[in-house]
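Please read the structure below before turning to the comments.
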Amino acid sequence: MANVCVVYEIRDHQIKKVSYEATSAAVNVADQLGGTVSALLIGSGVSDLASEAGKYGASKAYVVDSPDLATYSPDVFARLIASAAREMGATHIFMGATATGKDVMPRVALHLNSALAQDIIALNVQDGNVVYTRPIIAGKLHSDIQLNSEVQLATVRPNVFTATEKPTETEVVTLSLDVPSPRAVVEEVVTEAGGKLDVTEADIIVSGGRGMKGPENWHLIESLAEVLGAATGASRAAVDAGWRPHAEQVGQTGKTVSPSLYIACGISGAIQHLAGMSSSKYIVAINKDPEAPIFKVADYGIVGDVMEVLPRLTEEIKKLKAE
Amino acid sequence: MNIAVCIKQVPDTETRPKIAENGKEMDKTGVKWIVNPYDEFAIEEGLQLTEKNGGEVTIISLGSKEIEPTIRAALAMGAKKAIRIEGPDNITDPMVTARALAEVLKQGNYDLILFGKQAIDDDMAQVPQMVAELLELPCATVVVKLEITDGKATAEREVEGGKERLSFSLPAVISAQKGLNEPRYRSLKGIMQAKKIPIQVVEANLDQSRIEVLQLKYPPQKQPGKIVGEGADAVPELVRLLHEEAKVI
């Protein structure tokens, strides 16, 4: 019997959407193997969020709520997840592959002496076994793996699995666990100017490269991003030139993204950049050079000067939205 | 400061990987091997800290004799010591690597243990955290800024939409993110000196791997789409296609 535990990530007293995506993945596993899905919420003052887990199919919500957890510590969080998982007899533990998830889950795996599939993009149940698919070599290959350990852990890439509503009655179980002493504590979280949407969480990304000619032209990218409610991204060339912050870099040594729409502006499409965005659902490329490799992967392309095309694109989309 | 930097040999970023005949590994024919790019930020940080505070940087890596050129490439940046832990080059389970590294690191009495945030071949991003938990040390991952004063450290790490600032005491484990520093170029002098540094070879216990690769696959190939047109005049048609055909706006 599978007992799939989904660790919920809570920021600013809100459950991150990827936690629901992970829940739906968990429901899929539990349905096929036979079993249940439980949510795990850890923090200070999080108990009132427990019932939210029921919306996506968790029949139990375990809560570890303590004022000692008001300050976040990754090593404390990890040890509590491991303890809670042991208490509930979890067979599988899933969490979103966010910065926090990818940081914390290897620690949990160590404490449970169990294997972790990091950043999965698919899972399938075959012959009573869960097969996890994850991208390797910056997504240039996909790897199907099996975890031969007592507990199986996985972090789930955001924006890949669908969060499917499955209203369920959730039993809330409070766990009283001893909160260990932290080794490292988060003193402060500094949000980027205006709390910018991160490329890994965005449904639409407008991204610029060397063809933008300089940072002074980025307002063209930003205006388009604004009308689309999109995040802004950049190629390595733009970041290395100091035009854009590294947090925006998409590519093999930047972030890997899978939005519904990726608009590549003045980006040639080097293999390292493609590694970061080729799993986007739709790709639009705008480039002066008709031979640019980006056109080989773009669903739609415009051969032209970004300086002219972008303002027109912003204008036309504004018009569309006004209708 | 006594600093250890753990590195991995990985395929060059230009590599277009092919699946080997057994379907479970990358074909190594003609592959150019490099120091994992993220590990270079770790090496640079170690060197800057020892230049400022005294001490030395030891490069540590797990693998066969085949990885020694890569260890030399790391030494060429200016590290003075190197340890190779004898083992296979195709370990699929980060915990196997972490346990072996921890066994060796325990003996070194290091103030700081640095890694790159992930290896660009398996992209697992697990070993640094596992080593930290094994050694019961504080750990900050994906670090873009590190400040150390009198055995106390502050690290900034990238999270969605911003940065987290963590504080902890040394000894500690850090995994480096691009932006932590600017890795120095290898000088000819550095390369020559690196050739003379003995690489200490040690043994460590290697557990059974519990991550089994069933098969590798090529990702679904993106087919080239259509060039909608030229210049700003093509925009209305593009918008129409995105709205009516792709239905993404």
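Quick note: the coordinates plus some simple rules give every number you see, no bench work behind them. This is a predicted model, so every value here is computed, not measured. Note that each Cβ is placed from the backbone with ideal geometry, even for glycine, and that neighbours are counted across all protein chains shown.
Computed values, structure above
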item: Per-selection Rg to Rh, the protein assembly as shown - Cα, Kirkwood hydrodynamic radius; result: 0.96
item: For A:242-248, mean number of other protein chain Cβ atoms within 10 Å; result: 3
item: Given charges at beta-carbon only (K, R positive; D, E negative), |dipole| of the range A:147-250 in Debye; result: 560 debye
item: Whole-Å distance, taken between Cα centres, linking the range A:203-260 and the range B:61-88; result: 36 Å
item: Cβ charges +1 (Lys, Arg) and -1 (Asp, Glu), total dipole of chain B, debye; result: 620 debye
item: Nearest-20 debye value, chain A charge dipole, Cβ charges on Lys, Arg, Asp, Glu; result: 660 debye
item: Dipole of the protein assembly as shown, positive end: most advanced residue of A:Val173, A:Ile283, A:Val27 [Cβ charges, Cα centre]; result: A:Ile283
item: Added length on full extension, which subtracts the Cα-Cα distance from 0.36 nm per residue, B:Ser187 to B:Gln223; result: 8.6 nm
item: Aspartates and glutamates with Cα under 16 Å of B:Lys247, excluding same-chain neighbours fewer than 8 positions away; result: A:Asp203, A:Asp299, A:Glu316, A:Glu323, B:Glu237
item: Partner aspartates and glutamates for B:Lys163 [C-alpha distance under 17 Å; skip if fewer than 8 residues away on the same chain]; result: A:Glu9, A:Asp12, A:Asp103, A:Glu187, A:Glu188, A:Glu192, A:Asp198, A:Glu201, A:Glu248, B:Glu147
item: Amide H contacts of B:Ile227 (H built 1.01 Å from N, under 5 Å, at least 5 apart or other chain); result: A:Gly301
item: Spacing of the two label points (7 Å from each Cα toward its C-beta) at B:Asp233 and B:Asn22, in nm; result: 5.9 nm
item: Residues A:Tyr282, A:Tyr62 arranged by fewest to most Cβ contacts within 10 Å; result: A:Tyr282, A:Tyr62
item: Cβ-Cβ FRET estimate between A:Ser59 and A:Met307, R0 fixed at 45 Å, reported to 0.05; result: 0.20
item: For chain B, radius of gyration divided by Kirkwood radius, i.e. Rg to Rh on alpha-carbons; result: 1.07
item: Projected label distance in nm at A:Lys17 and A:Ile271, using a 7 Å step from Cα toward the beta-carbon; result: 3.3 nm
item: Neighbouring partner chain Cβ atoms per residue of B:214-220, average, 10 Å criterion; result: 6
item: FRET efficiency, B:Gln208 to A:Thr164 (Cβ-Cβ, R0 45 Å, nearest 0.05); result: 0.75
item: Rounded D (µm²/s) - chain A, Kirkwood Rh over Cα pairs, Stokes-Einstein at 25 °C, 0.890 mPa s; result: 117 µm²/s
item: Residue pairs, from the table A:Lys318/B:Lys117; A:Lys321/B:Lys222; A:Lys17/B:Lys226, whose Cα atoms sit over 32 Å apart; result: A:Lys318/B:Lys117; A:Lys17/B:Lys226
item: Built amide H within the under 5 Å cut-off of A:Arg11, gap 5+; result: A:Lys16
item: Phi to ³J(HN,Hα) by Karplus 6.51 cos²θ - 1.76 cosθ + 1.60 over the range A:272-277, Hz, x for Gly, Pro; result: 5, 6, 4, 4, x, 9
item: Given charges at Cβ of Lys, Arg, Asp, Glu: the protein assembly as shown dipole, positive-most of A:Asn159, B:Val235, B:Met95; result: B:Met95
item: Cβ-based exposure ranking for A:His273, A:His219, A:His142, in which fewest neighbours within 10 Å come first; result: A:His219, A:His142, A:His273
item: In nm, spacing of pseudo-spin labels at B:Asn53 and B:Asn2 (7 Å Cα→C-beta vector); result: 1.4 nm
item: Signed unit charges on C-beta, dipole axis of the range A:193-323, positive-most listed residue A:Pro259, A:Leu220, A:Ile317; result: A:Pro259
item: 222 nm mean residue ellipticity, helices alone, for chain A (DSSP H n ≥ 4; -39,500 (n - 2.57); rounded to 500); result: -8000 deg cm²/dmol
item: Ranking of B:Asp207, A:Asp144 by count of other Cβ atoms within 10 Å, fewest first; result: B:Asp207, A:Asp144
item: Rounded Å value of the spacing that divides the Cα centres of the range A:24-48 and the range B:99-171; result: 30 Å
item: Spread of Cα-to-Cα distances over 5 Å intervals beginning at zero, given as percent, for the range A:188-323; result: 2, 12, 22, 26, 22, 11, 4, 1, 0, 0
item: Calculated FRET efficiency for the pair A:Lys281/A:Val172, C-beta based, R₀ 45 Å, to 0.05; result: 0.75
item: Which listed pairs, of B:Lys18/B:Lys81; B:Lys52/B:Lys189; A:Lys255/B:Lys52; A:Lys55/B:Lys217, have C-alpha distances above 25 Å, in listed order; result: B:Lys18/B:Lys81; A:Lys255/B:Lys52; A:Lys55/B:Lys217
item: Mean projected area in nm² (Cα convex hull; one quarter of hull surface) for the range A:2-174; result: 9.1 nm²
